[in-house]
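Here's the structure, in structure tokens; my notes come after.
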Amino acid sequence: MIFDPPRSAPVLPIDEALPRLAEKLEETERVVLVAPPGAGKTTRVPLALLDARWRGDGKIVVLEPRRLAARAAAERMSTLMGDKLGETIGLKVRLQSLSGPKTRIEVVTEGVFARMILDDPSLEGVAAVLFDEFHERSLDADLGLALALDAQAALRPDLRLLVMSATLDGARVAKLMRDAPIVESQGRAFPVETVYLGRDPRERIEDAAARAVRRALAEQPGSLLVFLPGQGEILRLAARLEENLNDEAIDVCPLYGAMERAAQDRAIRPAAEGRRKIVLATSIAETSITIDGVRVVIDCGLVRAPRFEPDLGLTRLETLRVSRAAADQRRGRAGRTQPGLCYRLWEEAATGALPAFAQPEILAADLSGLLLDLAAWGARDPGELLWLDPPPAPACAEARALLQKLGALDAMSAITTRGKAMRRLPLPPRLARMALQAENFGAGERACELAVVLSERGLGGDSPDLAGRLERFARDNAPRARDGRRLAHGWAHALRSAARELDEKSAPIALSPGALIALAFPDRIARARGKRGDFLMANGRAASLEPSSPLAGAAMLAVAEVVGRAGASQIVAAAELAVDEFETLFGAEIVVRDETRFDAASGGLRRRETRRFGALTLAERNLPVEASLENAQMLARAAAAFGLDRLGWSKAQGQLRERVAFLRGAFSSEGDNPWPDLSEAGLAENPEEWLAPFILGRQKLDEIAAENFDAALAALIPWDLARRLEAEAPTHFVTPAGSAIALDYGGAEGPVLAVRVQELYGLAIHPSLAGGRAPLTLHLLSPAHRPIQITRDLPGFWKGSWAAVKAEMKGRYPRHVWPDDPAAAAPTTRAKPRGS
DNA sequence: CTCTCCCT
């Protein structure tokens, strides 16, 4: 039998589709229901399924995205059933659980369901799961559906899964659900006229919205609902309107999430008799909340949304254009109870360029909690489950890395004992890890209070100083604060049993708020640097505080939250971290590095000891450089890079290198060339080998002196080679006249002997080096050392041009000997004695 | 455009 609505219930568009839906669910375990807002699906569908045969005595679980929506749906169904909430209809949301032995339908939030199925994958006692408002695509709904499909395939083939969505994109979900049939229903709403006002992009949103408000007030009766991206815009517009509208019977009511519940209720309540209301709201008013008497909606066309940056490991806010689906939803708010009007602050032609749907949360969220849950499910990789949009790989990688750092996953991505303990707390992984550690130190209760202040916006005020916020939160008597304290207390209870199981007790110590934050966000421990208010975090990123903030003077901070772009991050939540507390908690992770390096500015080695924590340098000092081979090698490498020839070689050492280079060249065509490469480039190839052992204890380039090179060269040219060197590339040539003349090995044309020609009389063969392989280049000089001739063939010269040379020389130097056959003449260095 | 919303 199909549920028959009581006579008091109005006929709703969904009623006509209910028989078809019931029939499909008889035939198959998976169905998609597409029904626009106003169709009445949330309350009618669960009741209509109560009598289905497949239900047996199992429960129907209905998922709602928000607590408010869950409570409202449960209450309406209870009223229709004519009994009290907690009897046939149950409710389970955070801080509230109402159900009993008679409960057949249980309305839960998506987060509660994810917990339910993770704890009991076979969903014992559950006959069907209904995903309401699935088009909102929250992370928990996507996760819940993936797990439910997996559980159905493996454990519960009889489990009914019904996805209900307001948009017409049901086909994709149906395909994901192994080609589930789609049932469609009509919606119902009053007509809403749309007026496009456009907006100059250079104009501030508040200015454009203020103009639209004045126009609407003049043209239309009734209350107004204005959609703005965030709290800042709402408060600025409220201030502006209150200045301009002082004389009229108009109430301006801000409405956003961080407000106290009572103030939210005032904003939602219908306007008082004879007055008009302007509600300035974020996207909070898009769904779930109906404000009676709203005839006009003004939509600025923007929405602020979080985006997780995997490479930063943090979430920042972006202001985006609203999606077409959300814009239509906003417009629909004007037609809930009567025909209405919607002013849009963009051009009609621009509507087509808006994205069709908002981005599903799974594509832009921090996935650390999701991956931990999946690991508990037994899936080390999200690819093992079915997803409408698979979680993106970079965010998965970041989440996995974080969970491994927190000790929740092992290297194989399997969940650890600690990971299981963390999951017993209803907290994101970082905060769960912090709470567990704090409990081990005896500070669990305090950690839970901090977790509440960090996750419930606005509690304890909005100053960046979390220590102050924690104190104000403890004294605050507002309902939200009291709820928050209850929450912290509940978490502390769960924490104690989780910690007992894990058994990692340490000695009790007092933990400051800063220390607690540091346990959750060790990568955001920060140190002051430069200007007051400038900090560097352990993850290498800069972040700053207003210099006027009292926290700005701290030496160290533990940062919980930053906003803004990478280059200009503002700290919005942090606490001072005492240095000794940091040392106690993180001493084991501080890396002490004793590093000697070459310092180009001073041209020498420097040894520094640094204590580092991530990117933070905690302390630095200079130490005396050790006289080790390793350091000598470093200096030798630096010398090669600096340019070896710019160092203090003696002249003799230079000539030695030239002589060796000459021999190396002379023997180059022979197989086994024993001569080393002593050119600057050749020596630069292995300075650690030939130079380092001979500069032990030297610290600066200008301390490397000729004596070091002497020793180095002696090693490069061992004794037998040195002997050959003297023989085959001597420093001097001894002339027939008996004088030793230095040879020049530096020229490009080979070794050169510059000698007065007279000294060579008696030399019949051309002198050569390298065992006869290389003739000397002779620069023959006059008695006054003027050049006469260059030759590499002395016998040829004697026989050839000597006659002409001799004649000229005789004329110029008549007192010297100029024989006709110099090859046979006696060498001389002197002129003939006067008068002989 | 210097804090969206929600949830265990």
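Taking square-rooted eigenvalues a ≥ b ≥ c of the alpha carbon gyration tensor, is segment A:330-399 rounded, prolate or oblate, where a/c under 1.5 means rounded and, failing that, a/b exceeding b/c means prolate?
Prolate shape, in that a/c is at least 1.5 and a/b is the bigger ratio.
Taking the convex hull of the Cα atoms, report for segment A:697-795 its projected area averaged over all directions, in nm².
Hull-based average projected area comes out at 8.9 nm².
Which ³J(HN,Hα) values, rounded to whole Hz and listed in residue order, are derived for segment A:819-832 from phi using the Karplus coefficients 6.51, -1.76 and 1.60 in 6.51 cos²θ - 1.76 cosθ + 1.60 with θ = phi - 60°, glycine and proline given as x?
x, 6, 10, x, 5, 10, 7, 7, x, 8, 10, 10, 7, 5
In whole angstrom, note down how far apart the Cα centers of segment A:447-475 and segment A:482-512 are.
Cα centres, segment A:447-475 to segment A:482-512: 17 Å.
When only Cα pairs under 8 Å and 6 or more residues apart are kept, what is the percent relative contact order across chain A?
Relative contact order of chain A: 6 percent.
In the full protein assembly as shown, how much of A:THR79 is accessible to a 1.4 Å probe, in Å² to the nearest 10?
Roughly 110 Å² of A:THR79 is accessible to a 1.4 Å probe.
Which sequence of A:ARG815, A:ARG433 reflects their accessible areas, 1.4 Å probe, from the largest down?
These residues rank, largest area first, as A:ARG815, A:ARG433.
With θ taken as phi - 60° and the coefficients 6.51, -1.76 and 1.60, list the Karplus ³J(HN,Hα) couplings across segment A:64-75 in order, rounded to whole Hz; mark glycine and proline as x.
Values, residue by residue: 10, x, 10, 4, 4, 5, 5, 5, 5, 5, 5, 5 Hz.
Compute the Rg/Rh shape ratio of segment A:477-635: radius of gyration over Kirkwood radius, all on alpha-carbon atoms.
1.11
For A:LYS799, list the lysines whose Cα falls under 19 Å from its own Cα; do not include residues on the same chain fewer than 8 positions away.
A:LYS810
When Rg is the radius of gyration of the Cα atoms in segment A:192-359 and Rh is its Kirkwood radius, what does Rg/Rh come to?
0.96
Pairs A:LYS41/A:LYS92; A:LYS41/A:LYS102; A:LYS531/A:LYS700; A:LYS651/A:LYS806; A:LYS59/A:LYS92: which are spaced more than 25 Å apart, C-alpha to C-alpha?
Listed pairs above 25 Å: A:LYS531/A:LYS700; A:LYS651/A:LYS806.
With +1 on each Lys and Arg Cβ and -1 on each Asp and Glu Cβ, how big is the dipole of chain A about its Cα centre, in debye rounded to the nearest 20?
Approximately 1420 debye in magnitude.
Run the simple label-point estimate for A:GLU219 and A:LYS175 please: 7 Å along Cα→C-beta, distance reported in nm.
Simple spin-label model gives 4.2 nm for this pair.
If one computes the Cα centroid of segment A:385-422 and of segment A:100-148, what distance in Å separates the two points?
22 Å
Please list A:MET556, A:MET81 from largest to smallest accessible area, probe radius 1.4 Å, with all protein chains kept in place.
A:MET81, A:MET556
Over segment A:13-184, with the other protein chains present, what is the accessible area per residue in square angstrom, probe 1.4 angstrom?
38 Å²
Rank A:ASN708, A:TYR761, A:PRO479 by how far each Cα sits towards the positive end of the charge dipole of chain A (+1 on Lys, Arg Cβ; -1 on Asp, Glu Cβ) and give me just the farthest.
The residue sitting farthest along the positive end of the dipole is A:TYR761.
Using a 1.4 angstrom probe and counting only protein chains, how large is the accessible area of A:PHE308 in Å², to 10?
It works out to around 20 Å².
Can you compute the equivalent ellipsoid semi-axes for segment A:124-283, i.e. the square root of 5 times each eigenvalue of the Cα gyration tensor, sorted largest first and rounded to whole Å?
After diagonalising the Cα gyration tensor, the semi-axes are 43, 18, 16 Å.
Restricted to Cα positions, what overall size does chain A have along the principal axes? Three whole-Å values, descending.
158, 64, 59 Å, listed from the longest principal axis down.
Of A:THR351, A:MET422, A:MET809, which is farthest towards the positive pole of chain A's charge dipole, taken about the Cα centre with +1 and -1 on the beta-carbons of Lys, Arg and Asp, Glu respectively?
Farthest towards the positive end: A:MET809.
For A:ILE182, A:ILE60, what's the largest-to-smallest order of accessible area, 1.4 Å probe?
Descending accessible area places them as A:ILE182, A:ILE60.
Using Cα-Cα distances under 8 Å and only pairs 6 or more residues apart, what relative contact order does segment A:416-584 have, in percent?
Relative CO of segment A:416-584 lands at 22 percent.
What area, in nm² and to one decimal, does the C-alpha convex hull of segment A:629-728 cast on average over all directions?
Value for segment A:629-728: 6.3 nm².
If I stretch the segment between A:ARG611 and A:PHE642 completely, what's the gain in nm (0.36 nm per residue apart, minus their alpha carbon distance), one decimal?
This chain segment gains 8.1 nm when fully extended.
Just how far, in whole angstrom, is segment A:568-601 from segment A:630-651 if you go by their alpha carbon centroids?
Using only Cα atoms, the two centres lie 36 Å from each other.
Toward the positive end of the charge dipole of segment A:13-184, about the Cα centre and with charges on Cβ (Lys, Arg +1; Asp, Glu -1), which of A:VAL163, A:SER138, A:ALA35 goes farthest?
A:SER138
Within straight cross-link reach of A:LYS505, meaning Cα distance under 25 Å, which lysines are found once same-chain residues fewer than 8 apart are removed?
Candidates past the 8-residue exclusion: A:LYS405, A:LYS420.
Cut-off 11 Å, label point 7 angstrom out along Cα-to-Cβ of A:GLU347: give me the residues of segment A:196-236 whose amide nitrogen falls inside.
Output list for this probe position: A:198-201.
I'd like the accessible area for A:TRP649: 1.4 Å probe, protein heavy atoms, all chains in place, Å² to the nearest 10.
40 Å²
Once you order the gyration tensor axes a ≥ b ≥ c over the Cα atoms, which shape class does segment A:13-184 get: rounded for a/c under 1.5, otherwise prolate or oblate by comparing a/b with b/c?
In terms of gyration-tensor shape, rounded.
Could you state the accessible area per residue of segment A:700-836 in Å², with a 1.4 Å probe and every protein chain left in place?
52 Å²
Could you please state how large a percent of the accessible area of chain A is carbon and sulfur, counting protein chains only and using a 1.4 Å probe?
About 51 percent, which is the carbon plus sulfur part of the accessible surface.
Rolling a 1.4 Å sphere over the protein heavy atoms, what is the accessible area per residue of segment A:192-359, to the nearest Å²?
Normalised by residue count, the accessible surface of segment A:192-359 is 46 Å².
In percent, what relative contact order does segment A:13-184 have, based on Cα pairs under 8 Å that are 6 or more apart in sequence?
The normalised contact order for segment A:13-184 reaches 32 percent.
The values are calculated or read from the model by the stated rules, or taken from the named source; none is laboratory data. Being a predicted model, the structure only gives us computed values, none of them experimental. Reconstructed Cβ throughout: ideal geometry from the backbone, glycine too, with neighbour counts over all protein chains shown. Surface areas here come from the heavy atoms of the whole protein model, side chains and all, with no ligands, DNA or RNA. Shrake-Rupley method; radii C 1.70, N 1.55, O 1.52, S 1.80 Å.
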